[in-house]
Every structure is written in C-alpha cells, then in structure tokens.
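Undergrad: Input: one structure, supplied below.
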Amino acid sequence: QIESGDFNLDFKVMNHWFDSSVLEKNWSTRDEKSIKSVLALIVEDPSTGYLSYTNANLKHKNQADVVIEFVDFWKNGRGMAPKMLIFDSKLTTYENLNQFNQGPEQIKFLHRSRRGKNLIDKVEKVSSWQSIRIEGKNRIHKTIKAIDKTCKIRKYQGKLRQIILTAHGHLK
C-alpha cells in the first residue's frame with residue numbers, strides 16, 4: 001500500500017537498568033522520572049499503521065532537529081516532502097517549525113501543545129466554548145467543548161490555528 005504522506009512522529013524511551021550504562025537520562029512517562037535509556041524516534045504512517053522511519057541514535061543535543069532529518073530523509077527517498085506531520089511539542093522547536101511554512105513544500109503540521117499552567121489558566125478564563133457532539137457507541141463523553149482560533153507563538157513566523165478541547169473526560 002502506498003503511503004499517504006501523513007505521519008505521526010513520537011519519541012519512545014526504552015529503559016536501561018544497568019548502573020554502568022553510558023546512556024543519557026530521558027524522561028519516562030511510564031516511570032514518571034528521568035532514567036538512563038535509549039531515546040528513539042518512531043515515525044508511523046497512520047493510513048497503513050506501518051513504521052516509515054526510526055532513529056534510535058538520538059542524543060539531547062540533536063533531539064530537536066530529528067524532525068528535520070526525517071523530512072530530508074523522506075524527500076531524498078521519495079522525491080517529495082511529507083504532506084503532514086503530527087507530533088507533540090517536545091519533538092522540536094518553534095524555530096524548526098518555521099522551516100515547514102517557509103520552504104517551497106509548505107509542509108502542514110499538527111502540533112499537540114503541552115498542557116502547562118499558563119495554557120490551563122488561559123482555558124479556564126474562556127467563556128465562548130462551542131459544543132460539539134461526537135458519535136460513537138462506546139464514548140462516555142459524547143459532547144465536548146472546543147475553541148477554534150488563530151494565535152501567534154514566540155519564535156514562529158506566522159499565525160497558527162489553535163484548537164483547544166475540554167469536557168472530553170480528562171481532568172485537564
């Protein structure tokens with residue numbers, strides 16, 4: 001099956017338990033602490049579920065540039081840039097995001113922001129929520145609230161579409 005050009009990118013931490021390890025410490029969400037581990041980038045095509053790229057040789061100093069490395073890898077191998085990248089905010093920097101909107105390919109991206117205190121405080125002050133009904137027989141929370149607006153973020157040239165969801169079953 002041919003790839004869609006859309007990709008999910010995420011870091012995976014693989015724990016290493018020996019004291020003499022020369023590996024760097026990485027944050028493990030499972031263990032909720034920083035531990036010696038291998039940090040790998042996993043890139044999946046959501047239309048097929050297949051892995052399209054991996055890199056298990058990451059160090060903190062080059063971690064933010066790994067998304068650019070993937071795009072270059074894909075362009076060199078396929079002769080065209082990916083259409084859309086989906087990733088968490090920890091994957092890269094806002095400066096690197098500029099390369100997507102300023103390059104000739106105009107790569108789209110969906111960037112899941114951290115739920116930091118400032119964002120939570122901002123969300124709590126919003127009064128103009130839009131209610132959206134989501135169908136699905138197994139969904140407990142069938143109606144969520146959303147805000148859809150444009151915003152500007154530091155070190156990013158241009159405006160972004162920001163969508164904030166709440167009342168979906170998660171506390172924050």
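The values are calculated or read from the model by the stated rules, or taken from the named source; none is laboratory data. Just so you know, these numbers come straight off a predicted model, no measurement behind them. As a convention, Cβ positions derive from the backbone with ideal geometry for all residues, glycine included, and neighbour counts pool all protein chains shown. Please note that ligands, DNA and RNA were not included when accessible areas were found on the heavy atoms of the full protein model with its side chains. Shrake-Rupley method; radii C 1.70, N 1.55, O 1.52, S 1.80 Å.
Undergrad: Which order do Ile132, Ile107 take when ranked by solvent-accessible area (1.4 Å probe, heavy atoms of all protein chains), largest first?
TA: Ranked list, largest accessible area first: Ile132, Ile107.
Undergrad: Now for a separate question. Which chymotrypsin sites (Phe, Trp or Tyr not before Pro) in segment 27-136 pass both tests, a DSSP loop state and at most 16 other beta-carbon atoms within 10 Å?
TA: For chymotrypsin sites (Phe, Trp or Tyr not before Pro) across segment 27-136 that sit outside H, G, I, E and B with at most 16 neighbouring Cβ atoms in 10 Å, the list reads Tyr50, Trp129.
Undergrad: What shape does segment 94-147 have by the C-alpha gyration tensor, where a ≥ b ≥ c are the square roots of the eigenvalues, rounded means a/c under 1.5, and otherwise prolate means a/b greater than b/c and oblate the rest?
TA: oblate
Undergrad: Label points 7 Å out from Cα along the Cβ direction at Lys83 and Leu51: separation in nm?
TA: 2.5 nm
Undergrad: Something else now. In nm, to one decimal, how far is the modelled label at Val126 from the one at Lys33, with both set 7 Å along Cα→Cβ?
TA: So the label points at Val126 and Lys33 sit 3.6 nm apart.
Undergrad: Can I ask one more? Based on Cβ point charges of +1 for Lys and Arg and -1 for Asp and Glu, what charge dipole magnitude is obtained for the chain about its Cα centre, in debye rounded to the nearest 20?
TA: 920 debye
Undergrad: How high is the FRET efficiency between Lys61 and Arg133 when r is their beta carbon distance and R₀ equals 41 Å, given to the nearest 0.05?
TA: Result of the calculation: an efficiency of 0.30.
Undergrad: Once the Cβ-Cβ distance between Lys90 and Lys159 is put in as r, and R0 is 25 Å, what FRET efficiency do you end up with, to the nearest 0.05?
TA: FRET efficiency, Lys90 to Lys159: 0.65.
Undergrad: Let me ask something else. Take the cross-link list Lys33/Lys137; Lys122/Lys155; Lys90/Lys152 and give me the ones stretching past 30 Å between alpha-carbons.
TA: Beyond 30 Å: Lys33/Lys137.
Undergrad: Quick one: grab the alpha carbon gyration tensor of segment 64-172, order the square roots of its eigenvalues as a ≥ b ≥ c, and give me rounded if a/c is under 1.5, else prolate or oblate depending on whether a/b is larger than b/c.
TA: prolate
Undergrad: Quote the convex hull volume per residue of segment 1-155, based on C-alpha atoms, as a whole number of Å³.
TA: So the per-residue Cα hull volume is 182 Å³.
Undergrad: Among the aspartates and glutamates, which have Cα under 19 Å from the Cα of Lys12 when same-chain residues fewer than 8 positions away are ignored?
TA: Glu24, Asp31, Glu32, Glu44, Asp45, Asp65, Glu69, Asp88
Undergrad: Cα to Cα, under 21 Å, and not fewer than 8 places away if on the same chain: which lysines meet these conditions relative to Lys83?
TA: Lys75, Lys108, Lys159
Undergrad: Okay, moving on. Would you work out the relative contact order for segment 1-134, in percent, from Cα pairs under 8 angstrom that are 6 or more residues apart?
TA: In percent, rounded to a whole number, it is 21.
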